[in-house]
Amino acid sequence: MIKIDKNKCVGCGKCVEICPGNLLQIKNRRVEIRDVRDCWGCTACVKICPKNVICYQLSADLGGAGAKLFANDEKNALKWIVKFPNGAEKIIEIDKNQSNKY
Ligand code: SF4
Ligand code: SF4
């Protein structure tokens, strides 16, 4: 399930454009999701948001209860950032030029 920190949103609309389910919308210059139950967790919005407004809440079997997954999409690398409830962080870096080898 995704989580949205509306206060950090700058209303750029990139997530709205990329969501394949047309689930996101801008209201009063902030993003919101129409119905989070319709989200299937593709993480496209997580990857494209330049402000880390949207994260993916990891279930216990994936990353530990309460851990959150953010992404920084850089020119040559996609960095997945896992933030654990105890404050620890783990970064998984994917080299875009090698991504077909993963
Ligand atoms: S995770 Fe995918 S389906 Fe869910 S809101 Fe984001 S872009 Fe849309
Ligand atoms: S991409 Fe991020 S900053 Fe832009 S509208 Fe969506 S949530 Fe807000």
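The values are calculated or read from the model by the stated rules, or taken from the named source; none is laboratory data. Keep in mind the model is a prediction, meaning the values are calculated, not measured. With ideal geometry, Cβ positions are generated from the backbone for all residues, glycine too; neighbour counts draw on all protein chains shown. To get the accessible areas, we keep the full protein, side chains included, count just its heavy atoms, and leave off ligands, DNA and RNA. Shrake-Rupley method; radii C 1.70, N 1.55, O 1.52, S 1.80 Å.
Could you order the peptides 26-37, 90-101, 65-76, 41-52 from most to least packed, using the average number of other C-beta atoms within 10 Å per residue? If you can, show how the numbers build up before the last one.
Numbers: 26-37: 13.2, 90-101: 10.3, 65-76: 15.1, 41-52: 16.9.
Result, highest mean Cβ count within 10 Å first: 41-52, 65-76, 26-37, 90-101.
Hey, can you find the accessible area per residue of the stretch 1-70 for me, probe 1.4 Å, expressed in square angstrom? Per residue, the stretch 1-70 has an accessible area of 60 Å².
Please give me the summed charge of the neighbours of residue 7: other residues whose Cβ is under 13 Å from its Cβ, Lys and Arg +1, Asp and Glu -1. Mind showing how you got there, number by number?
On the way: positive: 3, 6, 8, 29, 30, 51; negative: 5, 32.
Every neighbour counted, the sum reads +4.
Roughly to the nearest percent, how much of the accessible area of the chain is carbon and sulfur, given a 1.4 Å probe?
Numbers: 3180 of 6690 Å².
C and S atoms contribute 48 percent here.
Dipole magnitude for the chain: about 320 debye, using +1 per Lys or Arg Cβ and -1 per Asp or Glu Cβ, origin at the Cα centre.
Once the mean 1/r over all distinct Cα pairs of the chain is inverted, what Kirkwood radius in angstroms do you read off?
Working: mean 1/r = 0.0701 Å⁻¹.
For the chain, the Kirkwood estimate is 14.3 Å.
Dividing the summed helix terms, -39500 (n - 2.57) for each DSSP H run of n ≥ 4, by the number of residues in the chain produces a 222 nm estimate of -2500 deg cm²/dmol to the nearest 500. Can you compute the modelled spin-label distance between residue 51 and residue 86, with each label point 7 Å from Cα toward Cβ, in nm? Taking the simple label geometry, residue 51 and residue 86 are separated by 3.3 nm.
Using a cut-off of 18 Å between alpha-carbon atoms, which lysines can reach residue 27, once sequence neighbours fewer than 8 places away in the same chain are excluded? By straight Cα distance, residue 27 reaches 3, 6, 8, 14, 51. So for the chain, taking the charge dipole from beta-carbon charges (+1 Lys/Arg, -1 Asp/Glu), which of 94, 9, 23 sits furthest toward the positive end? My answer, from the dipole projection, is 9.
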